[in-house]
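The values are calculated or read from the model by the stated rules, or taken from the named source; none is laboratory data. All values reported here derive from a predicted model rather than from experimental measurement. Cβ: placed from backbone, ideal geometry, glycine included. Neighbour counts: every protein chain shown.
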Amino acid sequence: MKRLVILTDNFLPRKDGISRFLSEIIPRIKDSYDIHLICPDYGEIQGFKSIRITKIPLTKKTYGDFSPAKFKPGILFREIKKADIVFTQTIGPVGGLGLFIAKLLGEKTISYVHSVEWELFSKATTNKTVKQYAPSWTKRLVRFLYGSCKELIVPSERIADMLTWQGIAKQKTVIHLGVDTTKFKKRDNHQLRAKLGFEQSDVVIGYHGRIAREKDIPTLLRAHIKLRKQYSQVKLLIVGSGVSRLISQIKKQPGVVHVPAVDDVEHYLNAMDIYCLPSLTETTSLSTLEAMSSELPVVTTSVGFVRDYVKEGKNGYFFKTGDSYDLAQKLEPLITHKSRLRELGTRGRELVIKNFDWDVTAERLINFFAANT
């Protein structure tokens, strides 16, 4: 059995798209490979006893909602040298350093591109100097590190084209992320709505995911304030953990309920009527796909792959990035015409069932590794 070393700067118990990707994929491929996962030490990891896990201690610094791992080249050098396949998810102190070490050792490395790093770094900070210079130096770093890979895996053709435009000429294979549509589906959740303080007549706009600067939650809050002036039944449910200053801002707003990150987010999606993604940058946005699978109409910024699978007026709507007035205008017809919610939600779930499945993702990964190692 071939030894697969997975390198990532994000994993459980921290909750984000990369953690969810690995949580879904590892159980599906563990019988095909001897897996060794190397990740930051964010705390206790449950449910992965069948694979080997090495945790890298964290630094004391925090950037937005992210605490990076320490640089531990000795650990990475030892494990990469024994690997048949090196599979990286990030370009941080684990994934990025791993790519550099694999290049020195002449190991074949495959990277899944989960983020547009030069967008992420500049939008995740309030530091003006970082905002100004991060895109240029991040692009150089990304070109160098991804240039050492045998091949890149991307979640969409749009991301592949974006990387090519930035001078990253490596072969790229598109493998979509997935959704567990048996888990994320519409169910009555009157009890949870009541527990959260919502009336059945309320229209609940929701968001779930990291509370980070690049997610632009303040724009959603401002739109909610505008709508509440005219529609008292409009409420906002935000599920997630992250930057404490943003969470404090969320909690101060009337009509807003905040729930820290949970393992059973599917239940909270069923307490929502509309899903909103106000992000400044995304690649796939698993949270949006999960909301669509739960038959929620979505109102979102036109970012990453989202602009390809959300169809304007068919399963959701787009609003201008950072424009709370435009967001409120797009939400208003959904608030006043509830029959429209069901129509858009049904179409959204149909699209997800047809195009996004974790079993298909895992099978394509296994076939890809077999053909490229």
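Numbers at a glance
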{"item": "The stretch 299-326: number of residues that are in a loop (DSSP other than H, G, I, E, B), among the aromatic types (F, W, Y) and closer than 17 Å to I205 by Cα", "result": "1"}
{"item": "Which listed residue, of D84, D9, D65, is touching a Ser or Thr at 6+ places or on another chain (Cβ under 9 Å), acidic (D, E) and surrounded by fewer than 20 Cβ atoms within 10 Å (Cβ to Cβ)", "result": "D84"}
{"item": "Some residue of the stretch 210-226 being under 30 Å from I353 (Cα atoms), crowded, with 18+ Cβ neighbours inside 10 Å and not assigned by TED's automatic domain parsing to the domain that holds A261", "result": "no"}
{"item": "Cross-chain or 6+ apart pairs with Cβ under 8 Å, the stretch 48-70 first and within 15 Å of P13 (Cβ to Cβ), then of a type in the set (S, T, Y)", "result": "L58/Y42; L58/S67; D65/S241; S67/Y42; S67/T59; A69/T59"}
{"item": "Contacts under 7 angstrom Cβ, first residue in the stretch 26-40 being not assigned by TED's automatic domain parsing to the domain that holds R364, partner modelled with pLDDT of 95 or more and assigned to a loop (DSSP other than H, G, I, E, B), 6 or more apart", "result": "none"}
{"item": "Any chance G43 is in contact with a Ser or Thr (Cβ under 6 Å, 6 or more places away or on another chain), assigned by TED's automatic domain parsing to the domain that holds E24 and more than 30 Å from T321 (Cα to Cα)", "result": "no"}
{"item": "The stretch 30-51, residues that are crowded, with 20+ Cβ neighbours inside 10 Å and either under 19 Å from F368 (Cβ atoms) or in contact with a strand residue (DSSP E or B) (Cβ under 6 Å, 6 or more places away or on another chain) (or both)", "result": "Y33, I35, L37, I38, P40"}
{"item": "In the stretch 268-304, residue surrounded by the most Cβ atoms within 10 Å (Cβ to Cβ) [restricted to those that are under 15 Å from the mean Cα position of the chain (by Cα) and among the hydrophobic types (A, V, I, L, M, F, W, C)]", "result": "A291"}
{"item": "Residue within the stretch 25-47 that is small (G, A, S), touching a Pro at 6+ places or on another chain (Cβ under 6 Å) and not in a strand (DSSP E or B) present", "result": "yes"}
{"item": "Whichever residue in the stretch 327-373 is in contact with a His (Cβ under 7 Å, 6 or more places away or on another chain) and either assigned to a helix (DSSP H, G or I) or free of Cβ contacts under 8 Å to residues at least 12 places away in the same chain (or both) and, among such residues, is nearest to R28 (Cα to Cα)", "result": "T361"}
{"item": "Residue list for the stretch 164-194, restricted to those being part of a loop (DSSP other than H, G, I, E, B), exposed (fewer than 12 other Cβ atoms within 10 Å of the Cβ), among the polar types (S, T, N, Q) and modelled with pLDDT under 95", "result": "Q171"}
{"item": "L334 more than 22 Å from the chain's Cα centre (by Cα), among the hydrophobic types (A, V, I, L, M, F, W, C) and over 30 Å from A160 (Cβ atoms)", "result": "yes"}
